[in-house]
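Below you'll find the structure, written out as structure tokens, and then a few comments.
Since every read-out is calculated from the coordinates, none of them should be taken as a lab result. Since the model is a prediction, treat every value here as computed from it, not as a measurement. As a convention, Cβ positions derive from the backbone with ideal geometry for all residues, glycine included, and neighbour counts pool all protein chains shown.
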Amino acid sequence: MKNLYLGREPIIDANSTLCAYEILYKDKEQNNIDSTRYTSASVISNILNKFGTQSLLGERRAFIKIDKSFLLDTLILSIPNEFFIFSILDNVEMTDEVVERIQLLYSKGYQISIDDTILNKKLFEKYKVIFKELSYLKIYIDDLDNNAISLIKEIKKYDIEIVAVTINSLSLYSSAKELGCSWFQGYCFTKPKILENFKYEPSQAKVLKLYNLLITDTEIDKITSEFENAHEITLQLLQFINSGAFHFRTRISSIQHILTLVGRKPLAQWLMLMLYSKSASKKDEVSALMLLVKSRTELMDKILKTIKPNVKQELLGEAYLVGVLSLIEVVFSVELKHILSEMNVAENVEKALLEDEGILGDIYVLIRGLESFNTENIEIFKKRYGLTGDVIENILIQSMKDVNEFENPTQR
């Protein structure tokens, strides 16, 4: 996409399960674009034809902002109804023409939403004429009147999902759930709730210690010994290896055998996923937090290889560790600096995570900018490292594809 930046923001439910995305877009001058007939068509066309829905969305739908002109354009009827949720801007009046078009789209299997709006009696009266056709209503929760809870109850009688937007903290997340909202848009699941005098479990500390040993040049005998002293983790690992995920001619019965056949990196990644999987809401379901960790590790790796084509494996390992540890405090509810002090990680990793320093720190800042759709960060990074064209955008799209492929096996 030559004139637009494209991003996606997660939308989760009360169990932190990823439900959908909103597709965000800005022009190269960093201007937000709510919607026009041209930009809506351009974004949808690029998703369908350039990137592909599987690469960008996986198995989920995407909210796409649309204005009145796009809603009433016959072009909208040519778009497949299974990939998108048309999110109508709240400045569109419910004229007879608009209502008839919404009813037509509903009859053809399209899903309709009202985009970010303020919930009050005026809104209720405006949209009640199309409540039967609405699938979603996206609302701000920081500007509500006293009737908000009763209005939400009335709206939900129509099987409309209430989506709370700009939820980027646990306090807002809790408030939105208390109001009766069903879905939540933002990275609220990345904000840790730090507990005073809280010490994370010994088993969690052991996982981090084992991870650190695996990604460094520690002798195999020492790693084996540490695993054998962590009985619960060892049992889970043996079950995982013998479950059919790997296909060996003989059953594996020792840690040293596993290390030899599987390798250190796959085991290290398994340990981290075991930690993050605790945030999954259901068995065999990947949590939004785990998917974000996977995204960060993919981006750290791909961006580092792009700016340093001859990068050594040691630095790649440190980059992966930055991605993995960037959200570990969310799992442990302990400040990151305390976790790092017990892990004894490399200085490059610690400075990147705590101070945004060095090449790994630069990449980490860029990744957070990509997640928050701060396109200024992208331009600063590209200028600093002499990148041109759509190189970062292409890396981001490839990362989205890899994350979707990572999740799919868990859904079967």
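Near the amide H of Ile88, under 5 Å away, which other amide H atoms are found, from residues 5 or more places off or on another chain, if H is placed in the peptide plane?
Ile66, Ser113, Ile114, Asp115
Under 5 Å between amide hydrogens, which residues at least 5 positions from Arg8 or on another chain qualify, with H placed 1.01 Å from N in the peptide plane?
Leu24
Under the 0.36 nm per residue contour assumption, what length would be gained going from the current alpha-carbon distance of Arg384 and Ser169 to full extension? Can you show the working numbers first?
Numbers: separation 215, 0.36 × 215 = 77.40 nm, distance 3.14 nm.
Computed gain between Arg384 and Ser169 is 74.3 nm.
Return, for the Cα atoms of region 332-380, the radius of gyration and Dmax in Å, separated by a comma.
Answer for region 332-380, Rg first and Dmax second: 12.4, 36 Å.
Where does the chain land at 222 nm, in deg cm²/dmol rounded to the nearest 500, when only DSSP H runs of n ≥ 4 count, each adding -39500 (n - 2.57), divided by all residues? Show your work: numbers first, answer last.
Numbers: 20 runs with 211 residues, N = 412.
Computed mean residue ellipticity for the chain: -15500 deg cm²/dmol.
Based on the Cα gyration tensor of region 4-190, what are the three equivalent ellipsoid semi-axes, each the root of five times an eigenvalue, rounded to whole Å and given largest first? Numbers along the way, then the final one.
Numbers: eigenvalues 121, 88, 44 Å².
Working through the eigenvalues yields semi-axes of 25, 21, 15 Å.
With a Cα-only, solvent-free Debye model of region 108-183, what are the log10 I(q)/I(0) values at q = 0.20, 0.24 Å⁻¹?
-0.81, -1.15
Tell me, what is the FRET efficiency for Asn146 and Glu335 to the nearest 0.05, using R0 = 41 angstrom and their Cβ-Cβ distance as r? Kindly include the intermediate steps, with their values, before the conclusion.
Values: r = 38 Å, r/R0 = 0.93.
E between Asn146 and Glu335, to the nearest 0.05, is 0.60.
Please list 358-368, 315-325, 261-271, 12-22 highest first by mean number of surrounding beta-carbon atoms within 10 Å per residue.
Numbers: 358-368: 20.6, 315-325: 22.4, 261-271: 16.7, 12-22: 18.9.
Top to bottom by mean Cβ count within 10 Å: 315-325, 358-368, 12-22, 261-271.
Would you mind computing, in nm to one decimal, how far apart the modelled labels at Thr17 and Glu405 are, each placed 7 Å from Cα along Cα→Cβ?
2.6
Which one is right for this structure if Rg/Rh (Cα atoms, Kirkwood Rh) is calculated from it: [x] 1.00; [y] 1.53; [z] 0.97?
[x]
With +1 on each Lys and Arg Cβ and -1 on each Asp and Glu Cβ, and nothing else charged, work out how big the dipole of the chain is about its Cα centre, in Debye to the nearest 20.
Values: 49 positive and 57 negative charges, 172 e Å.
Once rounded to the nearest 20, the dipole reads 820 debye.
Can you tell me the length gained on complete extension of the stretch Asn91 to Glu376, counting 0.36 nm per residue apart and subtracting the Cα distance?
99.8 nm
Provide the per-residue ³J(HN,Hα) series for region 391-406, in order, calculated from phi with Karplus coefficients 6.51, -1.76, 1.60 and θ = phi - 60°, each as a whole number of Hz, with x at glycine and proline positions.
Using θ = phi - 60°, the values come out as 4, 5, 4, 5, 4, 4, 5, 5, 5, 4, 5, 5, 5, 4, 5, 5 Hz.
Which order do Asp145, Asp96 fall in if you start with the one that has the fewest other Cβ atoms within 10 Å? Each step should come with its number before you reach the end.
On the way: Asp145 11, Asp96 8.
Arranged by neighbour count, lowest to highest, Asp145, Asp96 become Asp96, Asp145.
What pairs from Lys265/Lys401; Lys50/Lys126; Lys108/Lys128 go past 26 Å between their alpha carbons? Please list the in-between numbers first.
Values: Lys265/Lys401 21 Å; Lys50/Lys126 37 Å; Lys108/Lys128 20 Å.
Checking Cα-Cα distances, Lys50/Lys126 exceed 26 Å.
Identify, among Gln256, Leu75, Val331, the residue whose Cα sits farthest towards the positive end of the charge dipole of the chain, taking +1 on the Cβ of Lys and Arg and -1 on the Cβ of Asp and Glu, with the dipole about the Cα centre.
Sorting the options by dipole projection puts first Gln256.
Over region 338-384, what is the mean sequence separation of C-alpha contacts under 8 Å (at least six apart), divided by residue count, expressed as relative contact order in percent? Provide the component values of the computation, followed by the final result.
Working: 30 pairs, mean separation 9.4, N = 47.
Computed over region 338-384, the figure is 20 percent.
Rank the residues Phe189, Phe63, Phe83 as a footprinting-exposure proxy: fewest other Cβ atoms within 10 Å of their Cβ go first. Please report the intermediate quantities before stating the final value.
Details: Phe189 22, Phe63 26, Phe83 18.
By the 10 Å Cβ count, ascending, the order reads Phe83, Phe189, Phe63.
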